[in-house]
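Data block below; observations after.
Quick note: the coordinates plus some simple rules give every number you see, no bench work behind them. Please read these numbers as outputs of a predicted model, since none were measured by experiment. Positions of Cβ are generated from backbone atoms using ideal geometry, with glycine treated the same way; all protein chains shown enter the neighbour counts.
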Amino acid sequence: MSEVVIITEAASFQIKDMMKQNEEEGAFLRVSVNGGGCSGLSYGMGFDHEQKEDDVEVQQFGLHILVDKESASILNGTTIDYKQSLMGGGFTIDNPNAIAACGCGSSFRTATKTGTPEEC
């Protein structure tokens, strides 16, 4: 298995800044896949202080990233980047396993996981 999640340097700077602002330095970054959204699956990112037994841990740019085992198979090879523009900034997620995504880009499905699609 390649890297489950790849965090770009730009994304790592933004995440570290958010950790500092929220007094979460030293926390893990948890990346997950949840049911929901118009295409059935949606991404989750947040801070966590506990590593679970079935978590996959990735370390990049000084960040400790946790992904639960079920999400790891869906996210395998996913790149998380941070883009800044005149309209503001935001995280972008490029998942090579996604075969369909909704117009807003925050919901997707894979060939083997359809999740729980919701009305938009």
(message) Within region 64-85, list the residues whose amide N lies under 11 Å from a label point set 7 Å along Cα→Cβ of GLU3.
(response) 77-81
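Would you mind giving the average projected area, over all directions, of the Cα convex hull of region 1-98 in nm² with one decimal?
About 6.9 nm², averaged over all directions.
Expected output is a single nm value to one decimal: the length gained when fully extending between ASP48 and LEU63, i.e. 0.36 nm times separation in residues minus the C-alpha distance. What is it? Present the calculation step by step, with values, prior to reporting the outcome.
Numbers: separation 15, 0.36 × 15 = 5.40 nm, distance 1.21 nm.
In short, 4.2 nm is gained.
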(message) For the ranges 4-11, 87-94, 61-68, what's the packing order if you count other beta-carbon atoms within 10 Å of each residue, average per peptide, and put the highest first?
(response) 4-11, 61-68, 87-94
